């Protein structure tokens, strides 16, 4: 009986550890290179405006569509330093500046996403 409970515990823990591992790997991937995420469950564009007080920003994609993105406190922000040949690292809301390229993985279904999104994570390109 104890063996069955052990294996049940392991099976229940696997999905959580897989999600943690995927989130940890996202930090090191450059913008647009997240397999099965980029441009499917995420948007990529330029930051137009930032509202630090509301933890929100507007992003325009390459086709000119504007998105209002809300960033919950638990959503990580990562700095993509790949173009500067640097190591990616954890960022903060202060790193979200107008004109920078950003990728936002949003919560919800891509088929019904609309233009008002809640971020799951955010990557912002830093070139220096």
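The values are calculated or read from the model by the stated rules, or taken from the named source; none is laboratory data. Computed from a predicted structure; not experimentally measured. In this analysis, Cβ positions are derived from the backbone assuming ideal geometry, glycine residues included, and neighbour counts consider all displayed protein chains.
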Inset, instruction - Kindly provide the set of residues from region 86-115 that are surrounded by 12 or more Cβ atoms within 10 Å (Cβ to Cβ) and farther than 14 Å from residue 59 by Cβ, ordered by number. - result: 86, 88, 89, 91, 93, 95, 107, 108
Inset, instruction - Give, as residue ranges, the strands (runs of 3 or more DSSP E) completely inside region 1-112 that count at least 2 residues that are over 12 Å from residue 124 (Cα atoms), modelled with pLDDT of 95 or more and more than 14 Å from the chain's Cα centre (by Cα). - result: 42-51, 56-61, 66-70
Inset, instruction - Quickly run through region 43-85 and pick out the residues that are surrounded by 14 or more Cβ atoms within 10 Å (Cβ to Cβ) and farther than 16 Å from residue 100 by Cα. - result: 55, 70, 71, 75, 76
Inset, instruction - Kindly indicate whether residue 118 is within 15 Å of the chain's Cα centre (by Cα) and surrounded by fewer than 18 Cβ atoms within 10 Å (Cβ to Cβ). - result: yes
